[in-house]
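Okay, structure first, notes after.
Each value in this text was obtained by applying a stated rule to the coordinates, not by laboratory testing. Predicted, not measured: the structure shown is a model, and the values here were computed from it. Positions of Cβ are generated from backbone atoms using ideal geometry, with glycine treated the same way; all protein chains shown enter the neighbour counts.
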């Protein structure tokens, strides 16, 4: 029987973190289970820093449903299986400190740890489960790229923000006869770019899954000019790659093995410059950046996050550890963390755009691809 559980939020912040946390706590409280939160994700697990969480009266988890971010913080690039340690002499080395985390959970008396995060977070969760820790994952990321689920919490809010940006860029583009380029997040998956392009009425959407020919985009713009439309709106995913080209990387960080050290950025500006040179129309690039992550979650994300949180606590009470809450065929369900990991079997190898990484990308038979083509959105191929 469960008595104490802990929650950790890991990876980039998204709208919906707090809604999941609230749902876990409320479900736990109704069943006489104490809830705690590790501060700053896996960092807090390593340092054994946690707080009691409660929704009663003016407690710390009361009134958090509409609040963006995470009341217990979150950490990025904190791979405790290959953790960056600064030595007294100033040198840096990487150590596997996962045993400390496991011992902390045992000493604290937590019967289960809920891991709220994306593919990297859930990879570490799977590794902890193999080492005897009771864990249950909840799929978080604006990128919508976690395997085994049809949607992650935080994604709908990001798409809504991107769609509003496209609406606003439309008016400027039409007024000044310009090409307006919007660069959106999504890492190596094009979900945000594709869905926001459809929702916002964009003319071109360039996504990582389809290496683009810039001349295809140019033709689309020229065709619009020929029928009197002297402006175009282009959505570019940060991971979009030109045919025979390379990923556009802003910089490469040194966070050690097992994490994605590429910081993407610049794909939108590259496309804007090319289109201006080839069409003669002025082009402007807007990088939406962290606007997609922060702020109040949409009603959809509040409901989805609540469903995920309540389901996660339900799985814990049923003893179904080593699993993750998912939406499958439109219904709330669960999958194993092993299935989420896929071929990424090596302990400590967390994430990244490698053949072994198991991330959910847009497939060419997806309804979004078919819809985009049907209404004339150019996908760059």
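With an 8 Å cut-off on Cα pairs and a minimum separation of 6 or more residues, tell me the relative contact order of the chain in percent.
22 percent
So what is the relative contact order for the stretch 277-349, in percent, with contacts set as C-alpha pairs under 8 Å and at least six apart?
17 percent
Percent relative contact order of the stretch 208-307, based on C-alpha pairs within less than 8 angstrom and at least six residues apart?
It rounds to 22 percent for the stretch 208-307.
Need one word for the stretch 292-337: rounded, prolate or oblate. Basis is the Cα gyration tensor (sqrt eigenvalues a ≥ b ≥ c); a/c below 1.5 gives rounded, then a/b vs b/c decides.
Since a/c reaches 1.5 and a/b is larger than b/c, the shape of the stretch 292-337 is classed as prolate.
What is the calculated FRET efficiency for residue 366 to residue 225, with r their C-beta to C-beta distance and R₀ = 25 Å, to the nearest 0.05?
Once rounded, the FRET efficiency stands at 0.25.
Rounded to the nearest 500, what is the 222 nm mean residue ellipticity of the chain from helices alone, with -39500 (n - 2.57) per DSSP H run of 4+ residues and division by all residues?
-11000 deg cm²/dmol
Tell me the Rg and the Dmax, in Å, that the Cα atoms of the stretch 271-320 produce.
In order Rg, Dmax, the Cα atoms of the stretch 271-320 give 21.5, 63 Å.
Against the longest principal axis of the chain, how steep is helix 155-176, in degrees 0 to 90 to the nearest 10, with axes from Cα atoms?
That works out to roughly 20 degrees.
Which value, in Å³ per residue, describes the convex hull spanned by the Cα atoms of the stretch 189-256?
104 Å³
Based only on other Cβ atoms within 10 Å, what is the fewest-to-most ordering of 213, 244, 143, 301?
The fewest-first ordering by Cβ neighbours comes to 244, 213, 301, 143.
Taking the chain as a Gaussian network, Cα atoms linked when under 10 Å apart, which of 262, 215, 89 shows the biggest mean-square fluctuation?
89
Given bins 10 angstrom wide, list per bin the percent of all Cα-Cα distances in the stretch 228-381, short to long.
8, 22, 34, 25, 9, 2, 0
So what's the angle, to the nearest 10 degrees on a 0 to 90 scale, between helix 214-226 and the longest Cα principal axis of the chain?
50 degrees
Using alpha carbons only, how many degrees (0 to 90, rounded to 10) separate the axis of helix 191-200 from the longest principal axis of the chain?
The answer is roughly 50 degrees.
Once the chain is represented by equal point scatterers at the alpha-carbon sites, with solvent omitted, what log10 I(q)/I(0) does the Debye formula produce at q = 0.07, 0.10, 0.13, 0.14 Å⁻¹?
So the normalised log intensities are -0.33, -0.65, -1.00, -1.11.
Can you classify the stretch 141-216 as rounded, prolate or oblate using the Cα gyration tensor, where a ≥ b ≥ c are the square roots of its eigenvalues, rounded means a/c under 1.5, and otherwise it's prolate if a/b beats b/c and oblate if not?
oblate
So what does the Cα-only Debye profile of the stretch 2-84 read at q = 0.15, 0.18, 0.21, 0.26 Å⁻¹, as log10 I(q)/I(0), no solvent term?
Listed by q, the Debye log ratios stand at -0.52, -0.72, -0.94, -1.26.
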